[in-house]
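Below is one structure, written out as structure tokens; the observations come after it.
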Amino acid sequence: MSTTSQKNSPPPAPTFEVENELRAAGARVVAGMDEVGRGAWAGPLLVCAAIPGEGEPPAGLTDSKRLTPKRRRELAVQIEPWVAAHAFGWSSPAEIDEVGMTEALHRAARRALEALAPRPDAVVLDGRHDFIGAPWRVRIQVKGDLTCVSVAAAAILAKVHRDAHMAELAEDHPGYGFEKAAGYPSPVHRATLAEAGPTPHHRMSWSYLDALPRWRHLRVTRSVPATPAPLF
């Protein structure tokens with residue numbers, strides 16, 4: 001196969017390899033977890049935990065960032081009845097401003113896990129850091145949303161759910177492009193923010209406000225540093 005063909009070929013489908021390793025080591029229930037909204041300027045942080053179902057997962061499951069919005073929504077409709085269970089955990093912009101992103105991730109992840117039934121014996125977490133911590137048994141998996149079925153399912157459900165939430169916010173706050181860019185700093189978002197200022201859904205402790213002369217006085221700082229979540 002030529003180098004060009006290799007570049008154009010789709011990535012391998014995610015597998016149950018990591019989940020099976022954890023089951024072989026004694027975990028009866030394994031959940032995948034991913035977050036969305038970490039880098040957005042507006043809107044909540046959302047974490048999804050999903051326990052895979054029986055049988056083959058929906059065809060086309062992969063990293064949510066490689067899918068069009070339409071395809072993500074189509075897959076989410078298939079994933080929801082396929083997974084044995086899933087749950088979401090949120091952290092609002094105000095909470096992110098109050099405690100910082102590391103602690104906000106920690107809280108949102110635990111909220112998702114505490115809402116999940118049955119309780120998982122192990123969690124496959126996308127990324128490089130464990131922002132959940134003890135007593136949860138966590139397996140860190142870089143590119144987990146591309147390689148692990150449970151994480152891919154959680155990632156798509158999280159992205160579709162948060163995108164729908166941001167589209168609802170766009171109805172009350174038109175012009176920021178929330179319905180398309182979901183609170184991330186798109187050109188439309190930047191332009192409207194500079195002209196009209198932040199909405200109640202913006203993260204007011206973030207440094208983007210320093211570049212907005214009319215609105216930089218609104219930036220808030222945390223008066224009491226939060227205890228950071230453990231990263232092991």
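The values are calculated or read from the model by the stated rules, or taken from the named source; none is laboratory data. Only a predicted model underlies this, so the values are computations on that prediction, with no experimental measurement involved. FYI the Cβ positions are ideal-geometry reconstructions off the backbone, even for glycines, and counts take in every protein chain you see. The area values use the complete protein model at the heavy-atom level, side chains included, leaving out ligands, DNA and RNA. Shrake-Rupley method; radii C 1.70, N 1.55, O 1.52, S 1.80 Å.
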Of all trypsin sites (Lys or Arg not before Pro) in segment 82-145, the ones in DSSP coil with at most 14 other Cβ atoms within 10 Å are Arg128, Lys143
Taking Lys and Arg as +1 and Asp and Glu as -1, residues besides Val47 with C-beta under 14 Å from its C-beta add up to -2
The answer for Thr15, listing residues at least 5 apart or on another chain whose modeled amide H is closer than 5 Å to its amide H, is Cys148, Val149
Counting only protein heavy atoms and leaving out ligands, DNA and RNA, the solvent-accessible surface of Phe16 at a 1.4 Å probe, in Å² to the nearest 10, equals 50
All alpha-carbon distances of segment 50-131, grouped into 10 Å bins from 0, give the whole-percent distribution 16, 37, 39, 9, 0
The percentage of the accessible area of segment 151-190 (probe 1.4 Å, all protein chains present) made up of carbon and sulfur atoms, to the nearest whole number, is 56
With all protein chains in place and a 1.4 Å probe, Thr102 shows an accessible area in Å² (nearest 10) of 60
Carbon and sulfur atoms account, in whole percent of the 1.4 Å probe accessible area of segment 1-116, for 51
In segment 32-74, taking the dipole from +1 charges on Lys and Arg beta carbons and -1 charges on Asp and Glu beta carbons about the Cα centre, the listed residue (Ala59, Cys48, Gly37) farthest towards the positive end is Gly37
Bridge orientation stat for segment 21-155 from DSSP, antiparallel percent rounded to 5, came to 60
Hull volume per residue for the chain, using the convex hull of the C-alpha atoms, in Å³ is 147
For the chain, the per residue accessible area (1.4 Å probe, Å²) is 50
So for segment 104-232, using the alpha carbon gyration tensor with a ≥ b ≥ c as root eigenvalues (a/c under 1.5 gives rounded; past that, a/b versus b/c decides prolate or oblate), I'd call it prolate
Between the alpha carbon centres of segment 141-197 and segment 53-127 the gap in Å comes to 14
Computed for the chain: size of charge dipole around the Cα centre, +1 on C-beta of each Lys and Arg, -1 on C-beta of each Asp and Glu, debye to nearest 20, value 480
